[in-house]
Structures are given as structure tokens and as C-alpha cells.
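Here the structure is laid out as C-alpha cells; the discussion comes afterwards.
Coordinate-derived values only; no laboratory data. Worth saying up front: this structure is predicted, and the values here are computed from it rather than measured. Here the Cβ positions follow ideal geometry from the backbone for every residue, glycine too, while neighbour counts run over all protein chains shown.
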Amino acid sequence: MIPSNANLTADRPSFVTHLECGLTGERYDADTLQGLSRVGRPLLVRYDLEGVAAAMTKEALAARPADLWKYRELLPIRSSEHIVSLGETATPLVTLDRVGAARGARAPIVKDEGRLPTGSFKARGLVMAISMAKALGVRTIAMPTNGNAGAAAAAYAARAGIEAVILCPDDTPEINVREIAAQGARVYRVNGLIDECGAIVGAACKANGWFDLSTLKEPYRIEGKKTMGLELAEQLGWTLPDAIFYPTGGGTGLIGMWKAFDELERIGFIGPERPRMYAVQAEGCAPMVRAFEAGERHAERWEDAHTVAAGIRVPKAVGDFLILDAVRESNGAALAVSDDALLAAVEEAAGDGLLLCPEGGATLAAYDRALADGMVGRDERVVLFNCATGLKYPMPDKSRTLDRHGEIDLASL
Ligand SMILES: *Cc1c(COP(=O)(O)O)cnc(C)c1O
């Protein structure tokens with residue numbers, strides 16, 4: 001445990017009442033192990049929000065340590081002993097001042113999720129999923145990953161004493177593959193994409209009695225990712241920005257934040273106003289953008305998916321309708337950007353001192369498009385999600401060399 005953090009030790013109630021199918025609304029028991037609903041769609045966690053409103057005040061929250069466990073009343077963990085923590089700190093809001101100035105716009109705000117354990121926001125989802133899996137007696141978990149989710153799963157599974165089996169596409173960033181193995185998981189490289197890894201995981205879980213921790217195929221990763229929305233609202237003084245740009249793969253974070261805003265309104269912490277939600281994808285894998293533009297509620301699989309932004313290379317998402325509903329209800333949009341544009345954005349943000357991951361760069365590139373198309377105003381308050389530390393990705397070598405034995409022209413350095 002992390003010493004002297006009251007969020008991890010204090011007895012605080014959870015107000016979970018039940019689970020509910022995101023598509024049909026059918027009810028499920030919350031205190032048994034659950035996967036997808038009967039119609040194969042994600043289960044959402046429901047709370048006694050009147051109970052939460054009576055138990056949790058803004059003042060009490062302000063006095064608690066700044067991590068995601070401060071929102072316990074709105075989280076599914078019923079007993080502190082089940083928390084499996086690696087220090088899930090609140091992540092900072094960092095303005096891109098030069099980026100803003102170059103566009104004559106209010107500086108966009110980056111929520112820098114790279115500060116979390118294992119260097120990505122996957123920690124938020126996996127800390128919750130693994131803590132719940134532990135609470136419900138799971139011994140082995142399995143999941144497909146494009147890298148960061150597997151790394152977070154491996155770390156929290158190690159912490160919890162749960163066995164982890166991780167399958168990833170064979171071109172997953174090398175650092176992730178090694179990180180997963182270093183943290184004690186069995187990792188397999190598969191000659192296919194993440195949904196194809198997911199199909200093998202599903203079969204292996206059935207055959208071996210393992211628990212399937214795939215994105216949205218169990219109810220609790222959303223609850224962990226939801227804390228991005230809770231934390232953002234609190235950091236902005238219980239207001240919300242005008243627009244949020246979110247790099248969208250499986251969409252857990254976008255769905256989770258949308259759920260968070262709803263719960264915050266229903267406990268009286270915020271009003272009915274909402275940010276416009278922009279789901280950002282890469283041009284080489286943009287199933288949500290295609291469905292959004294076609295007016296569809298479900299997205300078809302994207303064939304031959306490719307992009308350098310591995311975290312958003314997700315050809316098919318089981319929560320497609322939840323992503324598209326949130327984007328539409330919020331008056332936002334789904335936007336695709338090219339790999340060149342997202343890499344250029346990474347380079348530009350580095351000029352503000354912040355090393356984004358490629359997926360984070362995609363949000364800045366999409367912000368530019370939205371600005372150019374008049375979807376976003378120059379004076380609006382915009383939040384971009386940088387979902388992983390840029391340190392986990394390859395960087396171009398721009399170094400020069402010096403010969404210490406030769407003559408060095410110091411004035412030219
Ligand atoms: C997983 C991941 C995403 C996509 O997140 P979802 O909530 O699954 O859509 C974006 N960026 C990075 C760096 C990721 O690891």
C-alpha cells in the first residue's frame with residue numbers, strides 16, 4: 001500500500017446499486033463477476049446518486065489527497081482492502097502557450113495523463129478492473145492490447161497477485177512488449193490486429209476459465225476512466241471546458257467522461273452544460289469518423305488499419321454506439337487526422353516543453369482542423385488529452401556530434 005494516503009485506507013462507502021446493459025438497459029447484479037450483457041454489449045455501473053450527493057461534498061473532496069481514489073463514493077470498490085494501488089496521482093493541466101499564440105487563440109489545455117503509473121491513462125481503467133477482479137476472486141486475466149493497456153494490466157496484476165496473459169499485434173511498440181513481460185505477464189505477439197488478438201483471448205478465456213479484461217468487455221475499466229471527467233471538472237473549479245478532444249480507440253475514456261458529467265449533474269455538482277466531445281482518430285483507422293459522417297449508430301470494422309498512433313489503431317469497438325451517442329448529444333464530431341499531421345503536432349507541442357505521445361499529437365492536429373473549419377472558436381476553452389508519456393515512443397534523432405580531440409568552434413555551437 002501507499003503509506004499515509006487516507007483515500008486508500010479510510011472506510012468510505014460505495015453507492016453501487018447494479019449494472020445495466022448500455023444498449024437495452026437490462027439490469028445485472030453488481031457483486032458477481034460479469035462480462036458483456038446478454039446482447040453482447042457493455043455493462044454500465046449504476047449508483048444511488050442521491051446517496052452519493054448526501055455523502056460527498058465539494059469541500060470534503062477538496063481536503064482529500066489528489067488521486068483518483070478520492071472519488072470513492074462514485075467508484076465500484078466496496079472495501080478499501082481490495083484497492084490495488086501504484087499511486088494513481090491526479091494529472092496536471094498544462095497550457096500550450098506558444099501553440100495558442102501561433103494561432104491567435106486561447107492556449108489549449110493538455111491534460112497530461114503520461115504522469116500515471118506505467119506512463120499512460122490505461123492505469124486508470126486497469127487499476128479499477130484489476131481491483132474489482134481481485135475482489136471478485138479472479139485468479140487469471142487475459143486481454144488483447146496495442147501496448148499501453150497490456151502494460152498497465154501487467155503491473156496491476158503483478159501487484160494483485162493475479163496471473164496475466166497478454167496478446168498484442170506483432171508490430172506493437174517494442175517498449176510496450178518488453179514492459180509487459182518485465183512486469184511478469186506472459187506476452188504473445190500475434191500476426192494480426194487487436195480485434196483478432198481479442199478473438200483468441202475470448203476463446204482462451206472460455207477454454208481455460210480465465211477472466212476476459214478486454215476493453216468494455218467487463219464493467220469496471222469505464223469506471224476508472226470516468227475519473228478523468230471527475231478530476232477535470234474539479235480542477236476547473238466544477239466547470240467544464242467548451243470542447244474536449246479525445247484520441248479514440250475503444251472509446252473507454254470518452255464514454256467514461258460522458259458518464260462522469262451525467263453523474264456530476266445528478267449529484268448537483270455541475271449544471272446541464274456540456275463540452276462538445278471530439279472523437280479523434282487516424283486517417284488509416286477511422287471507423288467512428290466513417291459512422292459519424294454516415295449517420296450510423298454502429299461502426300463497421302475498418303479493414304487494413306494502419307497508423308503510427310498505435311493506441312488508436314482499433315478497427316472495431318464494442319462500445320461504438322456509446323461513443324457516437326456522446327459525440328452527437330454533445331454537438332461534437334468525429335475527426336480523422338493524417339499521421340504526418342499528428343507527428344508534426346507532437347513536434348510543435350515539444351516547443352512548449354511538453355512531449356506528447358502520437359495519440360496526444362492527434363488531438364492537437366484535430367484541434368487545428370476544428371479551428372480551421374470554425375467548429376471551435378479562438379476564445380474557447382479547449383482540453384486535449386495526452387494519454388501517454390511521449391517517452392514511450394520512438395523519437396527522431398536530431399542530435400549532432402562533437403569530436404573532443406579536434407578543434408571545436410565554440411561560437412558555432
Ligand atoms: C488506449 C489509448 C488510447 C485510446 O483510448 P480508448 O479510451 O481506448 O479509446 C489513446 N491513446 C493512447 C496512448 C492509448 O494507450
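Miscellaneous remarks
- Sites listed here are GluC sites (Glu not before Pro) in the range 204-279 whose DSSP assignment is loop and whose Cβ has at most 12 other Cβ atoms within 10 Å: E273.
- Relative to the current alpha-carbon distance between A63 and S79, full extension at 0.36 nm per residue lengthens the span by 3.7 nm.
- Centroid-to-centroid separation of the range 111-141 and the range 155-193 [C-alpha atoms, Å]: 14
- Shown for S412, S14, S79, S120: other C-beta atoms within 10 Å of each C-beta, ranked fewest to most, produce the order S412, S79, S14, S120.
- Within the shell defined by Cβ-Cβ distances under 10 Å, the residues around E26 carry a net charge of +2, with Lys and Arg each +1 and Asp and Glu each -1.
- Gyration tensor (alpha-carbon) shape descriptor, the chain, a/c threshold 1.5: rounded
- Restricting the range 1-85 to trypsin sites (Lys or Arg not before Pro) that sit in a DSSP loop and have at most 12 other Cβ atoms within 10 Å of their own Cβ leaves R38.
- Part-to-part distance (alpha-carbon centres) for the range 13-47 and the range 350-401, which is given in Å: 35
- For the range 6-82: relative contact order, % (alpha-carbon pairs under 8 angstrom, 6 or more apart): 45
- Here K70 is the anchor, and the lysines within straight C-alpha reach of less than 25 Å, apart from those fewer than 8 places off in the same chain, are K58, K111, K122, K134, K225, K226, K259.
- With the simple spin-label model, which puts each label point 7 Å out from Cα in the Cβ direction, the R400 to E300 separation comes to 5.3 nm.
- Dipole of the chain computed with +1 at Lys/Arg Cβ and -1 at Asp/Glu Cβ about the Cα centre; of A153, L61, M132, farthest Cα towards the positive end is M132.
- Per-residue Cβ neighbour rank within 10 angstrom, fewest leading, D339, D112: D339, D112
- Theoretical ellipticity at 222 nm over the chain - DSSP helices of four or more residues, -39500 (n - 2.57) apiece, nearest 500: -11000 deg cm²/dmol
- Whole-number percent relative contact order across the range 121-212, with pairs defined as alpha carbons under 8 Å at least 6 apart: 31
- Computed from backbone phi with θ = phi - 60° and the Karplus coefficients 6.51, -1.76 and 1.60, the 3J(HN,Hα) list for the range 393-399 is 10, x, 10, x, 7, 10, 7 Hz; x is used for glycine and proline.
- Most fluctuating residue given options A310, A153, A101, as computed from a GNM of the chain linking Cα atoms under 10 Å: A101
- Packing-based exposure ordering (other Cβ within 10 Å, fewest first) of K111, K122: K111, K122
- The mean sequence separation of alpha-carbon pairs under 8 Å and at least six residues apart, normalised by the residue count of the chain, gives a relative contact order of 16 percent.
- Annotation for A344 and A53: the two label points, set 7 Å from Cα along the Cα-Cβ direction, are 4.9 nm apart.
- Additional length obtainable on full extension of the chain from D325 to R38, 0.36 nm per residue less Cα span: 101.2 nm
- The Kirkwood radius of the range 13-133, taken over pairs of alpha-carbon atoms, gives through the Stokes-Einstein law at 20 °C and 1.002 mPa s a diffusion coefficient of 127 µm² s⁻¹.
- Residues of the range 337-380 with an amide N closer than 14 Å to a point placed 7 Å from the Cα of I175 along the Cα-to-Cβ direction: 355-361.
- Gyration tensor (alpha-carbon) shape descriptor, the range 6-82, a/c threshold 1.5: prolate
- Among P219, P287, P272, the residue with the largest mean-square fluctuation in a Gaussian network model of the chain, with springs joining Cα atoms closer than 10 Å, is P272.
- Neighbour cut-off at most 16 other Cβ (10 Å), DSSP loop, chymotrypsin sites (Phe, Trp or Tyr not before Pro), the range 221-307: W238
- Among A207, A133, A142: highest mean-square fluctuation, GNM of the chain, C-alpha pairs under 10 Å: A207
- With a cut-off of 12 Å between beta carbons, the residues surrounding R159 carry a summed charge of 0, where Lys and Arg count +1 and Asp and Glu -1.
- Summed residue charge, Cβ within 9 Å of P13's Cβ, Lys/Arg positive, Asp/Glu negative: +1
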